[in-house]
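Encoded as structure tokens, the structure appears first; notes follow it.
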């Protein structure tokens, strides 16, 4: 075998390119995906909890408008810190131990929220759950991509986002019948289950090999794939080298780095986290009669279309789904902005309009046309996001980086994602409901049209910069960026 063949040989692969049949890789992926389920629940928790906390009676804490905004947004600050922490943990402690450790702030954070008697304790609990979100959102895709073989890597990698939206939907459904304190108790269940299941599955063979633990790597491979035949041990000197700034001069490092960071930024600039955090309030502004029901419908649509994306990911490919998803989001955000423009019934630079009151004081019947435009646009946006820009940036982040820089590079990507999520989520309330003078804030239609413009940039970036990784081994993806 030539050196070139050795470099592109799959790190983990059966002889002759046959597909492994062991189902235990699905068990390992499910155990890891309980982390994203927990962080989806933490994200969705604010939507039903904020209305409940606004109505809370002493001695329970009660949120005003500004505190509610921080309650929804502070989880993303914790997640940004968790992304940095996870980037270090994933390379030092390993993928498995990092996921086990992330369960602790999940459980402690929800327990603190349950016991809260003032707003600061509430925010502290949210910050802890956010820290866990950041670690889980980084480590789970890396773990799954490294235990999966190429034929199912897209399917299993997309299940990360599927579990996130399932967690959001679970929070919405539970929020129908539970008040904020019992909802926080329910939030302790998924991370506890993850703690139990992850104790039963091995570390990834790739990480074990990089740590010179070859026998353990072989045992993990036999557990996950059912066979170790055809596994050719690659050189591991580079993997032990670690990240250095000088590496950014190499195409195999800076190209995936730019792609990963850009995809995370465009994902958040589409406005999706703002939509999900304030789903009920947006539907109230749209004059939808039952905003809680509307949020559940949105959650169901997101779960169904994310599941569809997972099923077709390894056939349709990443680039096609990203492009299709972006085009759908462009049209839906434009239409939703048009709804607010029509419903407001006045020019954008007119005198201040209190958007906490009904959107328009004009006698417009929301049941005729306009309300359905809002609901249809929102559902179309969620469906479009779910088939592409929801799961694929996380999947690509776990695929495109070489092993020796994966911890630092994925940490930067996750930090970018959550910092953008904080900015979008925190500022969305002042964009939707101007807190300053009306000249200094966008109207709702301006917010959604701005998101539409970012979606257009995301489509163009995909077409010109993002490579197709469908069916390729992680080594072949690295070789593509290095020009081999």
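All but one of (1) in a helix (DSSP H, G or I); (2) touching a residue at least 24 places away in the same chain (Cβ under 8 Å); (3) crowded, with 18+ Cβ neighbours inside 10 Å hold for residue 185, so report the exception by its number.
Of (1) in a helix (DSSP H, G or I); (2) touching a residue at least 24 places away in the same chain (Cβ under 8 Å); (3) crowded, with 18+ Cβ neighbours inside 10 Å, only one is false for residue 185: (3).
Yes/no matrix, rows are residues, columns are (1) at pLDDT 85 or above; (2) at positive phi; (3) in contact with a helix residue (DSSP H, G or I) (Cβ under 8 Å, 6 or more places away or on another chain):
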| position | (1), (2), (3) |
| --- | --- |
| 178 | yes, no, yes |
| 197 | yes, no, yes |
| 215 | yes, no, no |
| 231 | no, no, yes |
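Of the residues 159, 188, which is in contact with a helix residue (DSSP H, G or I) (Cβ under 8 Å, 6 or more places away or on another chain) and over 13 Å from residue 110 (Cβ atoms)?
Result: 159 is the single residue among 159, 188 that is in contact with a helix residue (DSSP H, G or I) (Cβ under 8 Å, 6 or more places away or on another chain) and over 13 Å from residue 110 (Cβ atoms).
Rundown of residues vs (1) surrounded by 22 or more Cβ atoms within 10 Å (Cβ to Cβ); (2) in a helix (DSSP H, G or I); (3) touching a helix residue (DSSP H, G or I) at 6+ places or on another chain (Cβ under 8 Å), yes/no style:
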position: 51; (1), (2), (3): no, yes, yes
position: 61; (1), (2), (3): no, no, yes
position: 74; (1), (2), (3): yes, yes, yes
position: 78; (1), (2), (3): yes, yes, yes
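Please state which one of 27, 43, 34 is part of a helix (DSSP H, G or I), at pLDDT 55 or above, more than 18 Å from residue 192 (Cβ to Cβ) and under 27 Å from the mean Cα position of the chain (by Cα).
Unique residue meeting the criteria: 43.
Checking residue 16 against (1) over 20 Å from the mean Cα position of the chain (by Cα); (2) assigned to a helix (DSSP H, G or I); (3) at pLDDT 80 or above, which single condition isn't satisfied?
If we test residue 16 against (1) over 20 Å from the mean Cα position of the chain (by Cα); (2) assigned to a helix (DSSP H, G or I); (3) at pLDDT 80 or above, just (3) comes out false.
Which one of these does residue 160 not meet: (1) over 15 Å from the mean Cα position of the chain (by Cα); (2) in contact (Cβ under 8 Å) with a residue 24 or more places away in the chain?
(1)
Among helices (runs of 4 or more DSSP H) lying entirely in segment 236-326, which contain 2 or more residues that are modelled with pLDDT under 90 and surrounded by 19 or more Cβ atoms within 10 Å (Cβ to Cβ)?
Correct list: 251-269, 272-277, 279-285, 291-316.
Answer yes or no as to whether residue 152 is under 23 Å from residue 395 (Cβ atoms), within 16 Å of the chain's Cα centre (by Cα) and either in contact (Cβ under 8 Å) with a residue 12 or more places away in the chain or buried (at least 17 other Cβ atoms within 10 Å of the Cβ) (or both).
no
Any residue at all in segment 135-155 that's part of a loop (DSSP other than H, G, I, E, B) and at pLDDT below 90?
Yes, segment 135-155 has at least one match.
Look through 191, 202 and report the one residue that is in contact (Cβ under 8 Å) with a residue 40 or more places away in the chain, farther than 21 Å from residue 397 by Cα and assigned to a loop (DSSP other than H, G, I, E, B).
202
Identify, from the list 86, 72, 109, the residue that is closer than 24 Å to residue 131 by Cα and at pLDDT 90 or above. Even if it seems obvious, please write down each step before you answer.
On the way: 86 fails: at pLDDT 90 or above; 72 fails: at pLDDT 90 or above.
One residue alone meets the criteria, 109.
The values are calculated or read from the model by the stated rules, or taken from the named source; none is laboratory data. The model shown is predicted, which means the values in this text are computed figures rather than measured ones. Reconstructed Cβ throughout: ideal geometry from the backbone, glycine too, with neighbour counts over all protein chains shown.
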